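Please read the structure below before turning to the comments.
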Amino acid sequence: MTTLFAILFYAAFAVLLAGLGFKIAQYARTPAPLKIPTTPGPITTPGIAFRLGREAVLFESLFKSNKPLWIFAIIFHFGLFVVLARHLRYFQEPVWFWVGLVQPFGLYAGLAMVAGLGLLLLRRFVIDRVAYVTSPSDILMLLLLLGIGISGLGMTTVAHTDIIAVKAFFLGLMRFSLQPLPTDPALLVHLALVAVLMIVFPFSKLLHAPGLFFSPTRNQKDDPRERRHLSDWAAKLEAGRN
């Protein structure tokens, strides 16, 4: 079982890294021939950075457009952030100071994460206009995330596992030295679901996370009157004509 999960996580990490690299490179190469920032918008580079930061952390545009959905998203994402921060301890020795500080909040963050996911899933069924545009992949991704959250909570509250051995396993993976992995069913289900998420992440709608930073409506300066906008390929074409 240790060897099987070691191979699984090495493969999942390779797919995640290569897939993210490919998609981000694809986003970066995609031309933006039109000046289409959401107005009014910032006209300076620091202003753009601040706008993207607000969007990434506070979901500013979602707050303005759909406050119930914003509440569901905030509950899930902030719970997920704390859960991920707490899990950093399995990959560190010694553990960073601030990672130790978030440990007591793990259970509450997990509950918030699962509650937010449950609300987002329920919304896909009870709101007709949302259900109409919902695809099977949307449901499957939410169920996958719910499975990860519920199995993680199960190990925290019901079926405890040897977290010292789990940490030794992941530190061993990082050092290419396999260490025994506990065979608790809840742990194996949890880890298998995490590996599946790592594999499908680069090919799913979850790519809205890095994709946000390449959105022309957010990363362009609102200066169409002051400066003519030309994408790289348009500039080259115009230079060739001249």
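The values are calculated or read from the model by the stated rules, or taken from the named source; none is laboratory data. Everything quoted here is computed from the prediction, not taken from an experiment. As a convention, Cβ positions derive from the backbone with ideal geometry for all residues, glycine included, and neighbour counts pool all protein chains shown. With ligands, DNA and RNA removed, areas are computed over all heavy atoms of the protein, side chains included. Shrake-Rupley method; radii C 1.70, N 1.55, O 1.52, S 1.80 Å.
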With criteria (1) open to solvent by less than 70 Å² (accessible area, probe 1.4 Å); (2) of a type in the set (D, E, K, R); (3) free of Cβ contacts under 8 Å to residues at least 12 places away in the same chain, Lys64 comes up short on (1)
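In the stretch 138-153, which residues are surrounded by fewer than 16 Cβ atoms within 10 Å (Cβ to Cβ) and either of a type in the set (Asp, Glu) or touching a helix residue (DSSP H, G or I) at 6+ places or on another chain (Cβ under 7 Å) (or both)?
Selection gives Ile139 alone.
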Inset, instruction - Could you tell me whether any residue of the stretch 153-164 is in a helix (DSSP H, G or I), within 24 Å of Leu20 (Cα to Cα) and of a type outside the set (Gly, Ala, Ser)? - result: no
Per the filter on the stretch 97-122, residues open to solvent by less than 40 Å² (accessible area, probe 1.4 Å) and either in contact (Cβ under 8 Å) with a residue 40 or more places away in the chain or touching an Asp or Glu at 6+ places or on another chain (Cβ under 8 Å) (or both) are Gly106, Gly110, Gly116, Leu117, Leu120
Restricted to the stretch 200-242 and to residues being of a type in the set (D, E, K, R) and either touching a strand residue (DSSP E or B) at 6+ places or on another chain (Cβ under 8 Å) or outside any helix (DSSP H, G or I) (or both), the residue most open to solvent (accessible area, probe 1.4 Å) is Arg225
So, first residue at pLDDT 95 or above in the stretch 152-179, second residue assigned to a helix (DSSP H, G or I) and charged (D, E, K, R), Cβ within less than 8 Å, six or more apart or across chains; the pairs are Lys167/Arg89
Across the stretch 1-40, the tally of residues that are part of a helix (DSSP H, G or I), more than 16 Å from Leu178 (Cα to Cα) and among the hydroxyl-bearing types (Ser, Thr, Tyr) stands at 1
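Give me the residue from the stretch 86-102 that is of a type in the set (Val, Ile, Thr) and under 22 Å from the mean Cα position of the chain (by Cα) and, out of that set, nearest to Gly149 (Cα to Cα).
Here is the first cut: in the stretch 86-102, the ones of a type in the set (Val, Ile, Thr) are 95, 99, 102.
Next, only the ones that are under 22 Å from the mean Cα position of the chain (by Cα) stay: 99, 102.
Values: Val99: 19, Val102: 17 Å.
Looking at residues that are of a type in the set (Val, Ile, Thr) and under 22 Å from the mean Cα position of the chain (by Cα), I get Val102.
Please determine, by comparing only the residues of the stretch 97-146 that are assigned to a helix (DSSP H, G or I) and among the β-branched types (Val, Ile, Thr), which one is nearest to Lys67 (Cα to Cα).
We begin by selecting, within the stretch 97-146, every residue assigned to a helix (DSSP H, G or I); these are 97-126, 128-133, 136-146.
Subsequent filtering for residues that are among the β-branched types (Val, Ile, Thr) retains 99, 102, 114, 126, 130, 133, 139.
Values: Val99: 31, Val102: 28, Val114: 19, Val126: 17, Val130: 15, Val133: 20, Ile139: 22 Å.
Filtering the stretch 97-146 for residues that are assigned to a helix (DSSP H, G or I) and among the β-branched types (Val, Ile, Thr), the one nearest to Lys67 (Cα to Cα) comes out as Val130.
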Apart from one, (1) assigned to a helix (DSSP H, G or I); (2) open to solvent by 50 Å² or more (accessible area, probe 1.4 Å) all hold for Pro94; the odd one out is (1)
(1) surrounded by fewer than 16 Cβ atoms within 10 Å (Cβ to Cβ); (2) of a type in the set (A, V, I, L, M); (3) in a helix (DSSP H, G or I) all hold for Leu178 apart from (3)
Of those in the stretch 19-58 that are among the hydrophobic types (A, V, I, L, M, F, W, C) and either without any contact (Cβ under 8 Å) to a residue 60 or more places away in the chain or at positive phi (or both), the residue least open to solvent (accessible area, probe 1.4 Å) is Ala25
